[in-house]
């Protein structure tokens with residue numbers, strides 16, 4: 001095999017490996033809000049967070065809103081997403097205990113989506129939680145329309161069991 005073909009083959013293998021790697025998303029809690037506390041019912045229920053989307057060949061962070069990243073986009077079909085929850089406060093730990101999705105209506109349709117819970121796209125059979133990480137597979141089919149999902153990562157503070165919600169978006173695009 002020629003040197004050029006060998007190099008092209010290696011590049012193809014590396015790219016295939018990269019595409020198969022999970023997309024890593026770090027959610028860093030900056031202000032925890034206990035959703036079961038009485039003060040949560042008076043104001044904002046969502047935990048404040050910073051989001052970092054690692055470089056990946058098929059994903060890009062969305063445009064920041066008020067200086068904060070709240071959305072990321074996935075291109076080209078199925079991808080595994082690995083969320084890691086951290087805390088800005090030293091010594092404080094949060095564990096992901098669940099995730100929920102809601103498909104947003106397409107602007108052109110004006111109506112409710114066919115699968116509002118996004119069960120056709122996000123397989124809970126692929127859900128895996130371990131320590132500070134939660135992994136799930138996004139089974140978006142390439143060639144479909146652009147779809148936006150609201151999702152919430154449910155977290156639990158380790159020292160007292162208090163529950164919080166982190167609430168960003170995912171956009172799937174072919």
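Residues checked against (1) at pLDDT below 80; (2) surrounded by 14 or more Cβ atoms within 10 Å (Cβ to Cβ); (3) in contact with a helix residue (DSSP H, G or I) (Cβ under 7 Å, 6 or more places away or on another chain):
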{"residue": "39", "(1), (2), (3)": "yes, no, no"}
{"residue": "42", "(1), (2), (3)": "yes, no, no"}
{"residue": "47", "(1), (2), (3)": "no, yes, no"}
{"residue": "59", "(1), (2), (3)": "yes, yes, no"}
{"residue": "68", "(1), (2), (3)": "yes, no, no"}
{"residue": "72", "(1), (2), (3)": "no, yes, no"}
{"residue": "90", "(1), (2), (3)": "no, no, no"}
{"residue": "94", "(1), (2), (3)": "no, yes, no"}
{"residue": "100", "(1), (2), (3)": "no, yes, no"}
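Scan 148, 157 and give me the residue that is touching a residue at least 12 places away in the same chain (Cβ under 8 Å) and under 11 Å from residue 95 (Cβ atoms).
Values: 148 fails: under 11 Å from residue 95 (Cβ atoms).
157 is the lone residue from the list that is touching a residue at least 12 places away in the same chain (Cβ under 8 Å) and under 11 Å from residue 95 (Cβ atoms).
The values are calculated or read from the model by the stated rules, or taken from the named source; none is laboratory data. None of these values were measured; they are calculated from a predicted model. Cβ sites come from the backbone with ideal geometry, for glycine too, and all protein chains shown count toward neighbours.
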